[in-house]
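To start, the structure under review is shown below, and the notes come after it.
The values are calculated or read from the model by the stated rules, or taken from the named source; none is laboratory data. This one's a predicted model, so the numbers in the text were calculated from it and none came from an experiment. So basically every Cβ, Gly included, is an ideal-geometry build from the backbone, and we count neighbours across all protein chains shown.
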Amino acid sequence: MRLSARLLIATLVAVIGVAGFTSLGIWQVQRLGWKLDLIERVEARIHADPVPAPGPEDWPAITAESDEYTRVTLTGRFLDAEEVLIYTPSDFGPADYVLTPLARDDGTVVMVNRGIVPLERAQAGDYTRVAGETTVTGLLRISEDEGWLFSRDNDPDNGLWNRRDIGSITAALGLRNAAPYFVDQELTDPQGWPRGGQTVVHFRNAHLGYALTWFTLAAVVAGGYVLLLRLETRGRGQGQG
């Protein structure tokens, strides 16, 4: 009876283990398919012809999955007096993004990330501004709830910004009819500042590795159970002999 109970418990553990690990492996395979599809769609978006940036009627339906990294174009006038600087590490060393509101003829405002400027130049205001009506082409980006690793929280009261939280920025600036997204402007002047075209399109894709890990664990559990069955069978045979 003792051996039978032990084998029953081992069987239960093996069934739960194999079923659980296999389910996790299948889930990761499904996630892998979703991630590859997302990467393919994003690659198509960033190389597509630009479309008009979404207007107010489209704002409620904008999501990261369906809209982020869409190549868009918009026309208006930069409100330079309302621009904000957002600290970021960069290939040029410590730098600031220059986010400037673009006022459109329909009365809406879209924050445009004109690019980065090395920190000292940015703090001194030593970079180009655009007067009059202008057309911007870039990638639609979703407001950032989190900043880069180890970044500080935003401090709206003191005008210190460390992530592109568009809702907080436009509220602090008192901008009405502001889009919930921002646009990363494309590179227009390879030697000038701000320097656009700094969008990093990267998706972490470790789902295949995770899937193989879960399937391997399922195989280990199954193999251990088979080994236990052999030992139990051999022990019973020797006991009967």
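Observations
- Some residue of the range 20-38 being closer than 21 Å to Gly138 by Cβ and either in contact with a Ser or Thr (Cβ under 9 Å, 6 or more places away or on another chain) or modelled with pLDDT under 95 (or both): yes
- Entry remark, the range 73-84: residues being surrounded by fewer than 20 Cβ atoms within 10 Å (Cβ to Cβ), among the aliphatic types (A, V, I, L, M) and in contact (Cβ under 8 Å) with a residue 12 or more places away in the chain number 1 in total.
- Scanning the range 91-144 for residues that are in a helix (DSSP H, G or I) and either surrounded by fewer than 21 Cβ atoms within 10 Å (Cβ to Cβ) or charged (D, E, K, R) (or both) gives Leu119, Glu120, Arg121, Gln123, Ala124.
- Top-ranked residue of the range 45-62 - restricted to ones that are touching a residue at least 60 places away in the same chain (Cβ under 8 Å) and assigned to a loop (DSSP other than H, G, I, E, B), ranked as nearest to Val98 (Cα to Cα): Ala53
- For the range 86-113, filtering for residues that are more than 20 Å from the chain's Cα centre (by Cα) and within 14 Å of Phe182 (Cα to Cα) leaves 9.
- Tallying residues that are more than 29 Å from the chain's Cα centre (by Cα), touching a residue at least 12 places away in the same chain (Cβ under 8 Å) and surrounded by fewer than 17 Cβ atoms within 10 Å (Cβ to Cβ) within the range 183-228 yields 3.
- Residues being more than 17 Å from Val200 (Cβ to Cβ) and either outside the structural domain of Val110 (by TED's automatic domain parsing) or not basic (Lys, Arg) (or both) - total across the range 73-93: 12
- Answer from Gly147, Gly132, Gly125 - the residue that is farther than 21 Å from Thr73 by Cα and at pLDDT 90 or above: Gly125
- Residues that are within 25 Å of the chain's Cα centre (by Cα) and farther than 15 Å from Tyr181 by Cα, drawn from the range 120-148: Gly147, Trp148
- The residues of the range 77-90 that are in contact with a helix residue (DSSP H, G or I) (Cβ under 8 Å, 6 or more places away or on another chain) and either in a strand (DSSP E or B) or over 28 Å from Asp58 (Cβ atoms) (or both), listed by number, are Val84, Leu85, Tyr87.
- Taken over the range 150-182, the residue count meeting the criterion of being within 17 Å of the chain's Cα centre (by Cα) and modelled with pLDDT under 70 is 2.
- The criterion of being assigned to a helix (DSSP H, G or I), over 23 Å from the mean Cα position of the chain (by Cα), more than 22 Å from Gly125 (Cβ to Cβ) and of a type in the set (Ser, Thr, Tyr) holds for Thr22.
- Condition met for Pro180 (assigned to a strand (DSSP E or B) and either surrounded by fewer than 18 Cβ atoms within 10 Å (Cβ to Cβ) or not assigned by TED's automatic domain parsing to the domain that holds Arg104 (or both)): yes
- Condition met for Asp49 (farther than 30 Å from Arg230 by Cβ, outside the structural domain of Ala179 (by TED's automatic domain parsing) and either out of contact with any Phe, Trp or Tyr (no Cβ under 7 Å at 6 or more places or on another chain) or buried (at least 17 other Cβ atoms within 10 Å of the Cβ) (or both)): yes
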